[in-house]
Amino acid sequence: TPINPALAVRDQFPAIPRDWHYLDSAATAQKPQAVIDAIANAYGRDYATVHRGVYERSASMTQSFEAARAAAATLIGGREEEVVFTRGATEAINLVAQRYRNGNRSRVLLSALEHHSNIVPWQLAGYELDVVPLTSDGRIDLDAAEQMASEEHALVSFAHVSNVLGSILDTARAAQIAHNVGATLMLDGCQAAPRLPVDIAAIDCDFYAFSAHKVYGPTGIGALWAKAEILNAMPPWQGGGAMIDRVTFEKTTYLPAPARFEAGTPHIVGAVGFHAAIDWVRAIGLDALHAHESALVAECRAALRSVAGVTLFGPEESAGIVSFALDGVHPHDIGTILDDAGVAVRAGHHCAQPLMDLLGVPATARASFAAHSDASDIEALVQGLHKVKRIFG
Ligand code: PMP
């Protein structure tokens with residue numbers, strides 16, 4: 001597939017000059033001007049608090065805030081009353097770990113490729129972990145998962161797309177495996193939400209978490225989607241304003257979800273920026289974005305294979321993410337020399353230390369793509385790697 005020139009959105013990103021090659025969108029996406037403008041207007045022209053003011057400005061900001069919730073729901077095919085705004089995917093997973101209970105089941109089934117934020121919250125909440133191995137090309141081995149899943153598992157919690165390998169989960173099968181044993185399926189959608197069409201109803205998952213800043217929106221806000229009956233059965237986590245029905249010193253009652261999980265003044269402007277980002281992404285279309293990034297991945301993997309000494313990790317069919325190593329060079333040195341060449345890649349463990357252990361490396365270099373990426377970014381990456389090789393002899 002040729003790289004879709006129809007996207008041609010690079011000029012909408014003020015933080016990406018033509019001679020800079022940003023290949024770290026899996027860490028955080030750069031922002032299109034439309035999102036920056038929405039944030040500026042929300043703090044400028046339109047600013048006020050939400051949910052409490054009786055004056056017109058506050059009422060209209062409340063509408064914008066709730067419209068953002070509806071937009072976040074629409075992005076993944078959910079209903080707005082099922083979306084809780086959180087600080088991001090990390091907080092979303094922590095909320096589930098701290099407050100969701102599935103009877104007295106005490107184990108969580110996750111996989112060897114999970115981000116720390118889909119490992120540590122479960123440990124903190126006192127769950128025992130069972131770890132599904134990967135296939136030889138770096139996908140979650142669902143045959144193994146099927147064997148391992150048991151009625152001791154409260155949840156099965158998998159990354160929809162791996163932030164290191166780009167591997168795409170067969171979500172419908174994951175849901176079947178979880179539900180067959182009465183476990184709840186949580187998907188970490190951080191890397192999928194910006195790169196794939198997501199339809200949580202078709203997946204039949206129970207929880208879905210993602211962060212605005214990876215979907216071209218602002219930091220500090222994200223979403224937890226959950227089936228309404230599950231959310232409403234969960235007790236509140238943080239207490240304060242905006243989540244209560246009636247407070248006395250003797251007894252407090254709480255609002256239904258999602259409000260009961262949103263104590264305090266929320267990230268009002270973040271929500272407005274999140275909405276603008278979702279509109280921006282949906283105008284391009286997640287199908288078009290996925291096709292665009294898949295073409296870039298295919299071209300990138302082919303180009304990297306032509307550089308002697310490069311090892312590629314992960315499956316050929318990866319969603320916008322390519323991790324690699326270069327013989328005899330630490331990924332941090334790759335990253336530093338590439339930076340000199342105007343190419344920004346991530347070098348490190350990518351918050352997936354258990355996966356690094358499994359791959360037998362301390363770190364990888366990772367190139368990740370976005371709507372603005374094009375063939376010039378891959379050319380610059382390959383040129384930069386030749387420079388790395390010259391320096392390291
Ligand atoms: N899961 C995955 C797969 C991720 O890539 C990330 C971000 N690197 C997270 C979870 C955590 O997201 P955040 O830091 O935005 O909460």
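In table form, for the structure just shown:
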item	result
In the stretch 337-351, residue nearest to the chain's Cα centre (by Cα) [restricted to those that are in a strand (DSSP E or B) and within 15 Å of the ligand (Cβ to nearest atom)]	346
Any hit, the stretch 74-84, residues being in the same structural domain as residue 178 (by TED's automatic domain parsing), within 18 Å of residue 193 (Cβ to Cβ) and either touching a Gly at 6+ places or on another chain (Cβ under 8 Å) or free of Cβ contacts under 8 Å to residues at least 12 places away in the same chain (or both)	yes
Residue in the stretch 284-298 that is within 30 Å of residue 48 (Cα to Cα), assigned to a helix (DSSP H, G or I) and either in contact with an Asp or Glu (Cβ under 9 Å, 6 or more places away or on another chain) or not polar (S, T, N, Q) (or both) present	no
Residue within the stretch 270-285 that is surrounded by fewer than 14 Cβ atoms within 10 Å (Cβ to Cβ), free of Cβ contacts under 8 Å to residues at least 12 places away in the same chain and touching a strand residue (DSSP E or B) at 6+ places or on another chain (Cβ under 7 Å) present	no
Strands (runs of 3 or more DSSP E) fully within the stretch 158-266 counting 3 or more residues that are within 16 Å of the ligand (Cβ to nearest atom), under 30 Å from residue 365 (Cα atoms) and in contact (Cβ under 8 Å) with a residue 12 or more places away in the chain	184-188, 207-211, 222-226
Pick from the stretch 80-107, criterion in contact with a His (Cβ under 8 Å, 6 or more places away or on another chain) and more than 24 Å from residue 201 (Cβ to Cβ), ranking: farthest from the ligand (Cβ to nearest atom)	105
Any hit, the stretch 385-393, residues being assigned to a loop (DSSP other than H, G, I, E, B), among the aromatic types (Phe, Trp, Tyr), touching a Cys at 6+ places or on another chain (Cβ under 8 Å) and surrounded by 15 or more Cβ atoms within 10 Å (Cβ to Cβ)	no
For residue 29: the one exception among (1) under 30 Å from residue 385 (Cβ atoms); (2) surrounded by fewer than 16 Cβ atoms within 10 Å (Cβ to Cβ); (3) not assigned by TED's automatic domain parsing to the domain that holds residue 293	(2)
Selected residue (criterion: farthest from the ligand (Cβ to nearest atom)) from residues of the stretch 26-45 that are in contact (Cβ under 8 Å) with a residue 40 or more places away in the chain and in a loop (DSSP other than H, G, I, E, B)	32
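The values are calculated or read from the model by the stated rules, or taken from the named source; none is laboratory data. All values reported here derive from a predicted model rather than from experimental measurement. Counting neighbours? That spans all protein chains shown, and the Cβs are built from the backbone with ideal geometry, glycine included.
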